[in-house]
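To keep things clear, I will list the structure first and then write my remarks on it.
The values are calculated or read from the model by the stated rules, or taken from the named source; none is laboratory data. In this text, all values refer to a predicted model and were calculated from it rather than measured experimentally. Cβ atoms come from the backbone with ideal geometry, glycine included; neighbour counts cover every protein chain shown. Surface accessibility is based on the protein's heavy atoms, side chains included, excluding ligands, DNA and RNA. Shrake-Rupley method; radii C 1.70, N 1.55, O 1.52, S 1.80 Å.
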Amino acid sequence: MFTVHRAMLAVGLAATLAAADPDPGCKKFSEIYKGGKELCENMWDGAFEYSTDEDKAYTMWWEFGENPNKAAAVALGVEPSPATCKLHGDYYHKKTPGPELDSNHECWPWKNEACCEDKTVASRDVIQDAYGAEFHWDRCGPLSQACERFFVKEACLYECEPLTGHYRKYPDGPDYNGSSTGGEDNTWQITKMPIKASFCDNWHHACKDDLFCSAGEDSFWACAAIYETHDNAVQQLGGGAIAGIVIAVLVATLALCFVAVLIVRERKGQPVFVPLTRDSARSTQVGDPSDV
């Protein structure tokens, strides 16, 4: 009886969870990405390139002093102080880099020369919510603090670093067909920006035991697409309908468990409902003649 009962309950619970939230697959980072190279290059669909030549590669974070990415830009032969933020147009980037007044925002190393505004990177929550719930990095559960910081650092590089614009996938030019005119090109996407191997390796080490979406193999974009489809369906369906589905599943599960109990008791010769015999029924109705 106990085994059947638990089996039925498990079925009901699984159905309830399926109705409440998608299951795109969650695995440890170490199971999704073999190392820092796979993490940096695959998670963001080729936006970054793992580079062991660290003199010619950028970092996503530094603590004090001048931006070290300028030296990397010189070594790579690109303009170290671009006059414009080349990613502006589709989302949050400013047109030109410049200082920001609030040095307490999450991306404070860029406070003197940034392509982001203070309000865009005001806090961890603001950064995570910027592009919608489908891009929340903790959909598989809260990340460790060490791991989560690397996601904030990546966001800071993308939003605030003026040099990121050198790596636009669709740069301006005679062949550019911008999204604003209905084309497939865009101003926000970057490709093959070289990142220091040590930074990528440290990111992988910090996150190796944390859970992350494994749908679409190792692409964060593929995961976001799955989550977006689910979230849109939930919004269209409405919370009341989902609650109704959950309640219906639970009621059906309880009914199945009750039926299973009846079947098991019957097989053991211990039925829950015992019918009255004809003689016992007559005795109850007429009484014993000896009592007269």
In Å², nearest 10: area of D129 left accessible to a 1.4 Å probe: 90
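Taking a ≥ b ≥ c as the square roots of the eigenvalues of the Cα gyration tensor of segment 68-205, is the shape rounded (a/c under 1.5), prolate (a/b larger than b/c) or oblate?
Rounded, because the longest to shortest axis ratio a/c is under 1.5.
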Hypothetical label at Y131: residues of segment 46-66 whose amide nitrogen lies under 12 Å (7 Å Cα-Cβ projection): 46-48
Estimated FRET transfer efficiency (L254, E228; beta-carbon r; R0 30 Å; 0.05): 0.30
Formal net charge of residues neighbouring D125 (Cβ-Cβ distance under 13 Å; K, R +1; D, E -1): -2
Heavy-atom accessible area ranking, 1.4 Å probe, most first, across E38, E148, E31: E31, E38, E148
Neighbour-limited loop hits for GluC sites (Glu not before Pro), segment 39-72 (at most 14 other Cβ within 10 Å; DSSP other than H, G, I, E, B): E63, E66
Net lengthening on full extension, E31/L101 (0.36 nm per residue, minus Cα-Cα): 21.0 nm
Potential extension, K111-N202 segment - 0.36 nm per residue separation minus Cα distance: 30.3 nm
Built amide H within the under 5 Å cut-off of I190, gap 5+: K169
Label-point gap, in nm, between T191 and A71 - each point 7 angstrom along Cα→Cβ: 3.1
Residues with amide H under 5 Å from that of Y58, placed H, sequence gap 5 or more: I195, K196
L101, L76, L39, reordered so the largest accessible area comes first (probe 1.4 Å): L101, L76, L39
Residues with amide H under 5 Å from that of C26, placed H, sequence gap 5 or more: S214
